[in-house]
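Notes to accompany the following structure.
The values are calculated or read from the model by the stated rules, or taken from the named source; none is laboratory data. All values reported here derive from a predicted model rather than from experimental measurement. All Cβ positions, even for glycine, are placed from backbone atoms using ideal geometry, and neighbour counts span all protein chains on display. We work out accessible area using only protein heavy atoms, side chains counted, and drop any ligands, DNA or RNA first. Shrake-Rupley method; radii C 1.70, N 1.55, O 1.52, S 1.80 Å.
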Amino acid sequence: MASSEEDGTVEEKENNNKKKTKSALATAWLTFYNIAMTAGWLVLAMAMMRFYIQKGTHKGLYRSIARTLTFFQTFALVEVGHCAIGIVRTSVIVTGVQVCSRIFMVWFVTNGIRQIQNEESVILFLVVWTVTEITRYSYYTFNLLNHLPYFIKWARYNFFIVLYPLGVVGELLTIYAGLPFVRRSGMYSMRLPNKYNVSFDYYYCLIIIMLSYIPLFPQLYFHMLRQRRRVLHGEVIVEKDD
């Protein structure tokens with residue numbers, strides 16, 4: 001009996017050590033990732049300010065930062081993986097919707113439809129994204145380092161109240177501005193007949209995406225409001241199972 005109890009104790013210690021090692025590695029990776037993303041969005045912020053100070057106009061701004069924006073926004077797909085493997089306790093669906101909608105805006109709207117890159121609405125969502133992401137990633141970084149300034153915490157759960165709706169307005173106006181160009185050019189569309197026997201109209205796809213904001217935006221916005229009450233005011237929020 002003594003031998004089996006000792007074996008069991010050794011196994012428990014080994015399992016605990018493995019868990020601690022995995023936890024330490026996960027924390028180290030998340031810290032590195034969030035520092036890198038904070039730095040990336042700070043670089044974008046400085047590039048935008050420098051461009052506007054030098055040129056005195058927003059025209060050409062998007063083109064000047066497009067590569068950097070595309071890289072860091074696309075790299076955010078890693079966050080879906082973080083949720084999927086469990087190193088971050090956040091809904092895969094919520095994270096996936098947020099990240100993929102941003103990537104769609106970058107790759108298939110502003111990068112794809114070059115005629116709209118100088119629209120004021122593009123600058124609107126760019127500024128909103130930049131402030132939001134600098135705040136969000138710095139919050140995660142300081143939290144992981146167990147040294148979270150109250151201002152960062154306050155900013156994380158208050159800025160979104162105004163920034164989130166403004167960002168949605170900027171995104172919707174940008175998509176709307178691109179509709180005439182998409183309709184005239186037929187970009188990303190497939191007409192029948194073709195060898196795949198499939199029809200796809202990107203113009204109507206964009207309209208459907210715009211309409212999808214109606215049910216999705218309130219869900220994501222109220223999710224953040226619930227998180228705000230929990231973090232800032234200590235309220236116990238009971239989430240309903242899907």
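Candidates are the residues of region 83-97 that are touching a helix residue (DSSP H, G or I) at 6+ places or on another chain (Cβ under 7 Å) and part of a helix (DSSP H, G or I); the one that is nearest to ILE209 (Cα to Cα) is VAL97. Do we find that THR95 is crowded, with 17+ Cβ neighbours inside 10 Å and of a type in the set (S, T, N, Q) in this structure? Yes: the conditions hold for THR95. Could you say whether any residue in region 145-157 is at pLDDT below 95, assigned to a loop (DSSP other than H, G, I, E, B), open to solvent by 40 Å² or more (accessible area, probe 1.4 Å) and on the phi > 0 side of the Ramachandran plot? Looking through region 145-157, at least one residue is at pLDDT below 95, assigned to a loop (DSSP other than H, G, I, E, B), open to solvent by 40 Å² or more (accessible area, probe 1.4 Å) and on the phi > 0 side of the Ramachandran plot.
The requirement of being of a type in the set (Ser, Thr, Tyr) and farther than 22 Å from ASN158 by Cα is satisfied by TYR196. Criterion first (in a helix (DSSP H, G or I), within 19 Å of LYS153 (Cα to Cα), open to solvent by 50 Å² or more (accessible area, probe 1.4 Å) and modelled with pLDDT of 90 or more) does ARG228 satisfy it? Yes; evaluated as a whole, the condition is true for this residue.
For region 100-126, the candidate set comprises residues that are more than 26 Å from GLY81 (Cα to Cα) and among the polar types (S, T, N, Q); within that set, the residue that is most open to solvent (accessible area, probe 1.4 Å) is GLN115. Filtered by the rule that a residue be among the aliphatic types (A, V, I, L, M) and either open to solvent by 100 Å² or more (accessible area, probe 1.4 Å) or part of a loop (DSSP other than H, G, I, E, B) (or both), region 178-210 gives MET187, LEU192, VAL198, ILE208. If I filter region 60-83 for residues that are of a type in the set (Lys, Arg), open to solvent by 70 Å² or more (accessible area, probe 1.4 Å) and at pLDDT 95 or above, do I get at least one hit? Yes: one or more hits.
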